[in-house]
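Sharing a structure, written as structure tokens. Questions coming.
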Amino acid sequence: MTDPLQDPRFFADPYPTYARLRDAAPVQKVPTGSGGRYSYLVTGYAEAREAFTDPRLSKNTTRFFAGRPSQRDLHPAVSQNMLATDPPQHARLRALVTKAFTTGAVARLRPYIAGLVDELLDAWPDHGRVDLVAGLAVPLPVTVICEMLGVPEADRQLVRTWSSDLFAAGDPGRIDAASHAVAGYLTDLVASRRDALGSPGGPGERGEPGACLLDDLIAVRDGQDRLTEDELISLAVLLLVAGHETTTNFIGNAALALLQHPESLTRLRAEPQLLGGVLDELLRFDSPVGVATFRYSTEPLTLGGTEIPAGVPVLIAPGAANRDPARFPNPDQLDLTRGGTGHLAFGHGIHRCLGAPLARAEAELAIGALLSRFPQARLATPTEELTWRHTRLMRGLTSLPLLL
């Protein structure tokens, strides 16, 4: 049996594969990659929710790979970031950045985000063809997170390229090179921000921290010595990459789902105040994260009736769980009256995406403006001709051509 998550048909439409696997067993052993490697894949909703919180499934990849030969050359800032930690280290690192992504903090960002959406849409023609991904879904969250981290405008296209390369399924050399590029860039950026913080008139009032999130993290490193230099760089890399990849996919997937369901689109155009309440259903219907970053079993366990031995990778698939009919009736139907609460698009438990409030705000403002400013927008190409990113981790379009 070949890896079911590497079939080109899977990237175009993963849901038939998810359904077939879930119908066979909500947790099962599947081949991954080549060389006889395998993982346990979780596709059932109840099982996925349980797996997300099971302490026997570790995120500490350093422990998993210890002593194992590897031909990979991932930079440690990418391979050993906060996502790859367990408590208590995970709680310590997460606490340092959580305040920047609270509901209140995001509410204060909404006017800036709305203004940025308007700037991007102002560049669109009144009529003709545009690419929603290149013209809105990518630049919006990239600009927001780069502003938060103090990345100069001239460097943002490079950042986006490296970030995209990190998810190039089937191309480990490209992934490894991108990991060193983005980590090296952020190492230099931290050094320059640190120098500025120590200079009169540097970032913040009187050179004090606070001009951006990266300054705050540097102050934690330099002032209270709670972050090591490696932890500082890895947090910066994680925030930069995770801070826009999921949102880019969320905006593109949600827009496509609405364009494919004219009745839902018509209703939202007539009642735009409903948009905030249907984001969960849009996230459930086409999750921007297909398969979560891997865990591994620290001891034998039984999940969904399947025995999992110790020391093996476990993959949880939110994209599959969100279409589980045992939890969501008629899961392949977009239903704006469903609410979609309980979906696992942002994960669950201690590793739930801390940037979820920011992603929701960006998607709500972007889609809301698109509906109000371009009410006649429609797909410019048949659905079957759309192209998707070749990564099992992310579920996202490479482009979404529209006719305005």
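The values are calculated or read from the model by the stated rules, or taken from the named source; none is laboratory data. Not measured: the values here are computed from a predicted model. Backbone-built Cβ (ideal geometry, glycine too); neighbour counts: all protein chains shown.
Table: residues versus (1) within 27 Å of Ile233 (Cα to Cα); (2) in a helix (DSSP H, G or I); (3) in contact (Cβ under 8 Å) with a residue 12 or more places away in the chain.
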position: Tyr18; (1), (2), (3): no, yes, yes
position: Arg22; (1), (2), (3): no, yes, yes
position: Val30; (1), (2), (3): no, no, yes
position: Ala46; (1), (2), (3): no, yes, yes
position: Glu50; (1), (2), (3): no, yes, yes
position: Phe64; (1), (2), (3): yes, yes, yes
position: Arg94; (1), (2), (3): yes, yes, yes
position: Leu109; (1), (2), (3): yes, yes, yes
position: Val117; (1), (2), (3): no, yes, yes
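While we're here: Run Gly355 past the list (1) over 27 Å from Glu119 (Cβ atoms); (2) surrounded by 17 or more Cβ atoms within 10 Å (Cβ to Cβ) and report the number of the one that doesn't hold.
Answer for Gly355: the failing condition is (1).
Identify, from the list Ala177, Ala169, Ala196, Ala191, the residue that is modelled with pLDDT of 80 or more, of a type in the set (Gly, Ala, Ser) and more than 18 Å from Ala77 (Cα to Cα).
Of the residues listed, the single one that is modelled with pLDDT of 80 or more, of a type in the set (Gly, Ala, Ser) and more than 18 Å from Ala77 (Cα to Cα) is Ala196.
Oh, and also: Residue by residue through the range 353-394, note down the ones that are part of a loop (DSSP other than H, G, I, E, B), at pLDDT 95 or above and within 13 Å of the chain's Cα centre (by Cα).
Correct list: empty.
Are there any helices (runs of 4 or more DSSP H) wholly within the range 201-286 with 3 or more residues that are aliphatic (A, V, I, L, M), crowded, with 17+ Cβ neighbours inside 10 Å and modelled with pLDDT under 90, and if so which?
Qualifying helices (runs of 4 or more DSSP H): 213-219, 229-259.
Does any residue of the range 300-311 turn out to be in contact (Cβ under 8 Å) with a residue 12 or more places away in the chain, in a helix (DSSP H, G or I) and either crowded, with 21+ Cβ neighbours inside 10 Å or on the phi < 0 side of the Ramachandran plot (or both)?
No: zero hits.
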